[in-house]
Every structure is written in structure tokens, then in C-alpha cells.
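Written below as C-alpha cells is the structure these notes are about.
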Amino acid sequence: MTDDPQSPTGRPVPAWFTDAKFGIFVHWGAYSVPAWAEPTGELGATDPEVWFAHNPYAEWYWNTSQIEGSPAWEHHRAVYGGRPYDDFLDLWRAESFDPGDWADLFARAGARYVVPTTKHHDGIALWDAPGTGTRNTVHRGPRRDLVADLAGAVRARGLRFGVYYSGGLDWYAGRRAVIRHEDRIDDYGRPHEAAYAAYALRQVRDLIDRYRPDVLWNDIGWPDLGMADLPGMFAGYYAAVPEGVVNDRWDGAHADYLTSEYQANRQNETAAAWENCRGVGLSFGYNRNEGPEDLLDTAGAVRLLVDVVSRGGNLLLNVGPKADGTLPEEQRAVLEGIASWMTHHAAAVHATRPLEPGDAVPGGETADGEGPPWVRWTRDDRHAYAFVAGAPGGEAVLKVRPGLLDPATAARLDGGPVSAAAVSDGVRVASPWLDAPLPAAVRFSLASPG
Ligand SMILES: CC(C)[C@@H]1NC[C@@H](O)[C@H](O)[C@@H]1O
């Protein structure tokens, strides 16, 4: 891989992160018991006026089900009789949880890191977190240290392991105010008391001490009265995990890389190091109401991954396990599809970087070029990779800078036939594989390696 891009704070971003390109998020919690939300739309592309009362994030069930008259409010009363949310912790059994099976699938799918929720907004910890008493999965419900179980399985397969922590919202130890609108999060939702700041700091430090996470993925910011603690906490983290990376959701305190979420904060995707995250569907926690129309299919997930990588980012794709610990079949199928695709195309993804501006023209939706076909490019020190999909008749003219590609070396398509010939404004490629919705990577040698 090339020189590490400088992070927003100047600390060199460890090469493992910028080479990884693909990670798996896991949102699993007491909310996975009701597993109920309205699949209304993507964050950043849904009317914020209706977002909270019709929240597609099933992991927000505690909040959504307390907004009087919302469908979730109706559902919670009709199905659960309005029982306390914490009952879901005791109903969460994880009886079929097999961390090795998850880790095998994630590794086959080409993921290089895994980031599970350790404490989401409901404040329920998936480890024996300090300050939680018995309100965690070690003492109730699953009766397991789910963080340790997944960390061990993931790392046994050579993947990196990170932790998601909800520092800015905690509806148990922090404020329990129902959030009805984005503008009210700071007023009603986010706890800023000194006691909560100390509580959250103690828990993140415990995560660092116990699991040495490769990624610290905080969410919704950090309590005001705890901001002064962060430089010391980060210093301790890097001392314990020299190749660790920290995301950007600490209220500006620090960031090794920037994040975007579905269509929100896409402006961050120009940073030296960045990561887009989203669910396979419209929710991070498992939502039983999602149908095929709400989910990415394999081609959609691969195109998202390739588009993100072609622009220099990582994709953190989320799966929402069911309460019993199985991965929903429709989400599992997407990861299996990516795994199959990776058997031919992983080399064009991992440890690559974007082409230089002007070296080639992407094509298809979301890029500047016209489509079809859908075209994205990556490169490593010796090759350029053109990902092509939807090319009519399996043929496409790829517009590239004259002199970029070595005309003396034949193009290759791992596992499939391909032909290529120089034309006036680029190179014409042809293969039956290029007509499919799923992109195929055609490998070219660079005229000037390096
Ligand atoms: C990107 C992902 C971590 C989401 N962040 C905002 C949360 O409110 C949401 O539930 C989800 O965790």
C-alpha cells in the first residue's frame, strides 16, 4: 500500500485501516427482541420532521415506542402491553449465537475489521461494564460477555476488532427524555452531567483495557463535562493500541478518520481517511418489517463497496442479528454474495487507492460520467482495475488518460474471458461478465508503476 494519508488531526492513519476497505458493523441488543420499526427511508434522505416518530432504526425502539400515537407506540401497547423496555433484556437469549460462524462469514466476505455495539443508546452493555450492576448481558438475558466472544472469534480469523460505544446518548444512565425532533437532541437527549461523563469515561477505558480494540467508534458525541478527559483517554488508547484508529464522533475532540451514515455527512467523503456506514437494510438493528425492497441486494452492496473504495473510503456495512443470535437470512445472503464475488475481485479492492484525478472517467449513476455502463476504477502500484457493470452486449469503451496503461500487457479478468483493444479515447473491453448487474474488475498493467 502507498503512503498513509494524514488524518484530520495529522496523526498518520495506520495502513491496516486504509488498506482494509471493508468492515462489518453489528448492531445487536435488547432492541433485537421487538425488532420493530417502520422502514421509512435512509438517513439524510428522509424528512427530519417525521424521522423520530417513524424512525426506521429498530435500535431506537425505546424512544420511538414512547412517542405517543406513533406506529411503534401503538405496536408496543398492542403486542407487549406497554411493558417496560428492560424486559427485553431478559427476553434476549442469544441461544443460537455462534461467533465463529459470524466471523467465518465476515472473513469470507472480505471484511478486514468488525465493529459490534458494546453499549447503544439504551445503555445496556454487552460486557460486564463498570457502573451497570447487573444491567448487562453477562448477568441477564444472554448471560455472556458478547464483546469478548466476538472479539475472540474475529481475531482468531485474522480480522481486526473494534468497538462501538454510544457516548452521547444513554437512556438509562443519562437522560431518559424522549427525543421527538433533531433540534431537541441537545436539549432533551444528550446527558451532560459530570456523573455521566465519569461513567462513560470509565466504561470506554474498561473497553480499552479488556479488549484492546483496533477501532474506537463513538457515537452522538461526548458529554460536555467530559471533554477535558478525552486527550488523556486517547493518549492511553494509543499507548495500549499503537495501531488503533478513532472515528470522528467525539464533538470535534479528535478524529483519525471521518464518517458518513447512509446519505448523511457525505461531505466527509473527501477526507484523507473516511468511512461510510449503513445497514444492509434501512435499519442497523434487525427490523422484522423490512422486505426485499428495503434491502441492498448483492449487486447493490458490491457497487456501494466499489464506489466507496474508488473514492478512497472504507465501507462499514452493518448486519442486525436476531435476538437468538442468528443473522437474518436475507442479510446473510448478501454477505455470501459478496464472499463469492470477492473470490475473483478481492485484489482489486483491498490495499488499493483511487486513480489520480483525470486518469480515467468513472461512469453510471452517482459519478460524473454518463451511464450505462457503470464504471469505477481503483489502482495499486502495478495495476489499474476497471470495475464494469451493465455494459450493453458486454462491451464498453473505458475513457483513460493516454499513456496510463501499458499497451503491451494484456488485460485480465480473474476467472473470466476478456478482450481489450486501445481506441482513440481509451480502451475498448469486452466480456460477457461486463453485462451483469454485478461489477467485474478488468485488470490492466500501468505503463508507469508506482
Ligand atoms: C451509524 C450508526 C452507528 C448509527 N449512528 C446513530 C445512531 O443513532 C444509530 O442508531 C446507529 O447506531
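The values are calculated or read from the model by the stated rules, or taken from the named source; none is laboratory data. Computed from a prediction, not measured in an experiment: that's the story for all the values here. Cβ atoms come from the backbone with ideal geometry, glycine included; neighbour counts cover every protein chain shown. All accessible areas refer to the heavy atoms of the entire protein, side chains included, with ligands and DNA or RNA removed. Shrake-Rupley method; radii C 1.70, N 1.55, O 1.52, S 1.80 Å.
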Applying the gyration tensor rule to the Cα atoms of region 15-345 (axes a ≥ b ≥ c; rounded if a/c under 1.5, else prolate if a/b exceeds b/c, else oblate), the class is rounded
GNM on the chain, Cα springs under 10 Å; top mean-square fluctuation among 348, 421, 109 goes to 421
If you build a Gaussian network model of the chain, linking Cα atoms that sit under 10 Å apart, which residue out of 112, 83, 249 swings the most?
-> 83
Expressed as a whole percentage, what fraction of the accessible surface of region 45-176 belongs to carbon and sulfur atoms when a 1.4 Å probe is rolled over the protein heavy atoms?
-> 48
What ranking do 397-405, 144-152 get when scored by the average of other Cβ atoms within 10 Å per residue, highest first?
-> 144-152, 397-405
Could you order peptides 276-282, 292-298, 215-221, 258-264 by the average number of other Cβ atoms within 10 Å of their residues, highest first?
-> 276-282, 215-221, 258-264, 292-298
Of all DSSP beta bridges located in the chain, what percent are antiparallel, nearest 5?
-> 50
Quick one: Karplus J couplings for region 209-217, per residue in order, coefficients 6.51, -1.76, 1.60, θ = phi - 60°, nearest Hz, x for Gly and Pro?
-> 5, 7, 10, 6, x, 6, 10, 9, 10
On a C-alpha basis, how far is the centre of region 77-140 from the centre of region 17-44 in Å? Whole number, if you could?
-> 13
Under the classification rounded if a/c is under 1.5, otherwise prolate if a/b is larger than b/c and oblate if not, where does region 39-148 fall, given a ≥ b ≥ c as square roots of the Cα gyration tensor eigenvalues?
-> oblate
Most packed first (mean Cβ within 10 Å per residue), the peptides 123-129, 443-449, 379-385 order as 123-129, 379-385, 443-449
Full extension from residue 304 to residue 87: what is 0.36 nm times the residue separation minus their Cα-Cα distance, to one decimal in nm?
-> 74.4 nm
Taking the simple approach of a point 7 Å from Cα along Cα-to-Cβ for both residue 139 and residue 45, what is their distance in nm?
-> 4.4
So which lysines pass the test for residue 322, namely a Cα distance under 19 Å, with those fewer than 8 places away in the same chain ruled out?
-> 119
How far, in degrees from 0 to 90, does helix 230-240 lean away from the longest principal axis of the Cα atoms of the chain, to the nearest 10?
-> 60
Hey, in the GNM for the chain with a 10 angstrom Cα cutoff, which one of 190, 212, 77 fluctuates hardest?
-> 77
Under 12 Å, Cβ to Cβ, from residue 287 - net charge with Lys/Arg +1 and Asp/Glu -1 | -3
Local electrostatic count at residue 239 - Lys and Arg +1, Asp and Glu -1, tallied over other residues with Cβ under 14 Å = +1
Give a residue-ordered list of calculated ³J(HN,Hα) values for region 317-322 (Karplus: 6.51 cos²θ - 1.76 cosθ + 1.60, θ = phi - 60°; whole Hz; x for Gly, Pro).
-> 9, 8, 10, x, x, 6
Tally Lys and Arg at +1 and Asp and Glu at -1 over the other residues with C-beta under 10 Å from the C-beta of residue 309: what net charge comes out?
-> +3
